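The values are calculated or read from the model by the stated rules, or taken from the named source; none is laboratory data. Note that the structure is predicted; figures quoted are calculated from it, not measured. Neighbour counts run over all protein chains shown; Cβ positions are idealised from the backbone, glycine included.
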Amino acid sequence: MTIWNARIFFSGQAFTDEPCGELRCKPSWLVTVKKPGLVLERKQESMAVSLVGRIARLVRSHHYEPLDPEIIKAYNRTRNRSVSKRVICHAPFKNMYCNITGNVGACWLRFAGPECDPDRYPENSLEEIWRGQRYKRLREHLRHNDLNYKCNVCKDNLYHKHFVTVLARAYDNSYRSRKFPVMMELELDNICNLECVMCNGILSSAIRKNRERLPKVTSAYGKAFVEELDQFIPYLREARFNGGEPFLADINFEVWERMLRKNPRLRIVVATNGTVLTPRVKELLERGRFHINLSIDSIKKDTYEAIRKNAVLEQTMEHIKYFHRYCRQKGTSLVLLLNPMRQNWSEIPDFVRFCNTIDVPVWFNTIYRPYEYALWNLERPFLKEIYEELRRHDFPVISGSGQHSQHNRTIYRTLVEQIETWYKEPLSERDAVKEDILHYDERRTR
Ligand code: SF4
C-alpha cells in the first residue's frame with residue numbers, strides 16, 4: 001500500500017505557542033494526508049489515515065515520560081472500582097477551577113509554583129479556556145500519564161506513595177467527560193466574616209481589611225460570568241463552591257438559583273466555615289440538595305476560637321446539628337474538616353472520636369503557610385514526637401450505624417504517615433513540591 005505525501009508535522013500553532021526547550025513539551029502534533037490528483041479507494045484512504053494516525057501516536061508517545069508503571073499499578077489499586085483507570089488524573093477532561101483573581105485551570109495546583117502560567121478570566125471566555133492550548137496540552141500529557149507538565153505536587157505524592165492525598169483523586173468519579181466540563185470549582189467572592197489565623201486576605205475580606213489593611217480584592221466574576229456560566233450548567237454533574245464564606249456571597253445565590261432551575265439533579269458542594277445559617281441560607285438549602293464541607297479545626301472552645309477568629313464554638317456546634325439533620329434528610333453528605341497545625345495537632349484523636357460518634361466523615365487539609373503555624377517545617381525531633389504521639393491512637397471500625405469509621409481510620413492513618421514522611425524526608429528537601437506549594441499564595445494574588 002502506498003501512502004502519498006502522508007506527512008506528520010508540527011502545526012504552525014504549535015510553534016507559535018510558548019517556545020519550549022525540550023521536544024517532549026511541544027504542544028499538539030497534527031497529522032495530515034494529501035492526495036495530489038489521485039483518487040484513493042475509500043478503504044485505502046482510511047487505512048492510510050489510520051496508519052498515519054498510528055505512526056503519529058507512536059511518535060508522540062515517545063515524547064512523553066509516563067510515570068513508573070509500578071507506581072501507577074499501586075495507585076490504581078487504591079482507586080474506586082467505578083473509576084476509569086486509563087489515566088491517573090481526570091481533571092483536565094472534566095473540571096474547571098476558577099479562583100477569585102480570575103485564574104482558571106483544571107485544578108488549583110495549576111496556579112501553583114514558579115512556572116505556573118494559568119489561563120485568565122475574563123481575558124478569555126470560559127469556553128475559549130476549556131478548548132484552549134493549555135487544556136489541550138495538559139490533556140495530552142495526562143493521556144500518557146506524564147506528570148511533567150506542571151503536575152509536580154501530584155507526581156511527588158505518587159512517588160512517596162501518599163495516595164490518599166494525591167489531588168488527582170478529587171476528580172475520580174463516574175461522570176463521563178463531555179463537550180463542556182462536568183465539574184466546576186468556583187471561588188467567586190472572598191467575602192468572609194472570619195479571620196482565621198492560617199488564612200489570608202485573598203480568601204477573606206475581613207482579613208484583607210482588618211489584618212492586612214489593604215484595599216478590597218476585586219473579584220474577576222460578575223454578571224457577565226453568571227450569564228456565560230448558563231450554557232455550562234446543563235452539562236454539569238458537580239459544582240463545588242469555595243470562598244470566602246460561600247453563604248455570604250450574593251453571586252453564589254444567583255448561580256445556585258440558576259443551577260436549581262436548570263439542573264436540579266446537579267450535586268452542589270459548599271465549603272463553609274459553618275457560622276452563617278441565616279433564613280436566606282436555610283430557605284435555599286430546603287429547596288435543594290446541598291452537600292456540606294464544614295471546616296472546624298477543633299471542638300475545644302479555646303482552641304477553636306483562637307484559630308477561627310470571630311467564631312463562637314457553641315453557635316457552630318448548633319449549626320453542625322442543623323447540617324447533620326439536613327444532610328441525613330436530603331441524603332447528602334456532611335464532612336467535617338480540620339487543618340492540622342501546631343495549635344491543634346494534639347486534639348486530632350479526640351476530633352476523630354467526635355466524628356465517629358456522630359458518624360460523619362473527617363478530612364484533613366494540609367497547611368503549608370503561615371510557616372509559624374505549619375507542621376511540615378518543624379525540627380525533626382518535634383515532628384518525630386508528634387508522629388510518635390499520634391500513631392499511638394487507633395479507632396475501632398464501628399459496624400452497623402458507624403458507616404464512616406472505616407474511612408476516618410484510613411484518613412487518620414494517612415495523616416500520621418504524612419507526618420512520618422515529613423520527619424524522615426523533610427519537605428524542604430523535596431524541591432519540586434516545595435517550590436510549587438510554597439509559592440502558591442504569591443501566585444494566587446496575580
Ligand atoms: S496537578 Fe494533579 S490534579 Fe492537577 S491536573 Fe495535574 S495531576 Fe491532575
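Can you find, within segment 170-188, the residue that is nearest to the ligand (Cβ to nearest atom) among those that are hydrophobic (A, V, I, L, M, F, W, C) and assigned to a loop (DSSP other than H, G, I, E, B)? The extreme case among them is VAL182.
Going by what's in this entry, would ASN377 be described as in contact (Cβ under 8 Å) with a residue 12 or more places away in the chain and either over 21 Å from ASN200 (Cβ atoms) or more than 25 Å from the chain's Cα centre (by Cα) (or both)? Here the answer is no, as ASN377 does not meet what is asked.
Applying a threshold of 9 Å to beta carbon distances and a minimum spacing of six or more residues, or different chains, the list of pairs starting in segment 144-158 at a residue that is small (Gly, Ala, Ser) and ending at one that is within 8 Å of the ligand (Cβ to nearest atom) is empty. Where helices (runs of 4 or more DSSP H) fall entirely within segment 89-169, none has at least 3 residues that are closer than 28 Å to PRO69 by Cα, more than 9 Å from the ligand (Cβ to nearest atom) and of a type in the set (A, V, I, L, M, F, W, C).
Please work out if SER428 is touching a Phe, Trp or Tyr at 6+ places or on another chain (Cβ under 9 Å), at pLDDT below 90 and farther than 22 Å from CYS107 by Cα. Answer is yes for this residue.
Does at least one position in segment 108-118 carry a residue that is of a type in the set (Lys, Arg) and crowded, with 21+ Cβ neighbours inside 10 Å? Quick ask: steps written out before the conclusion?
We begin by selecting, within segment 108-118, every residue of a type in the set (Lys, Arg); these are 110.
Those still in the list that are crowded, with 21+ Cβ neighbours inside 10 Å too: 110.
Yes, because at least one residue in segment 108-118 is of a type in the set (Lys, Arg) and crowded, with 21+ Cβ neighbours inside 10 Å.
Scanning segment 378-427 for residues that are of a type in the set (S, T, N, Q) and either in contact with a Lys or Arg (Cβ under 6 Å, 6 or more places away or on another chain) or closer than 12 Å to PRO349 by Cα (or both) turns up just one, ASN408.
For residues that are crowded, with 20+ Cβ neighbours inside 10 Å and in a helix (DSSP H, G or I), scanning just segment 229-258, find the one that is nearest to the chain's Cα centre (by Cα). Top of the filtered list is PRO246.
Comparison of ILE307, ILE268, ILE296 shows that the only residue that is surrounded by 15 or more Cβ atoms within 10 Å (Cβ to Cβ) and more than 22 Å from ARG211 (Cβ to Cβ) is ILE268.
Take GLU195 and tell me if it is away from the ligand (no atom under 12 Å from the Cβ) and over 16 Å from the mean Cα position of the chain (by Cα). So GLU195 fits the description; yes. Only a single criterion out of (1) small (Gly, Ala, Ser); (2) loosely packed, with under 15 Cβ neighbours inside 10 Å; (3) in contact with a Gly (Cβ under 7 Å, 6 or more places away or on another chain) is not satisfied by ALA224, namely (3).
Of the residues in segment 53-60, not one is modelled with pLDDT of 95 or more and of a type outside the set (Lys, Arg).
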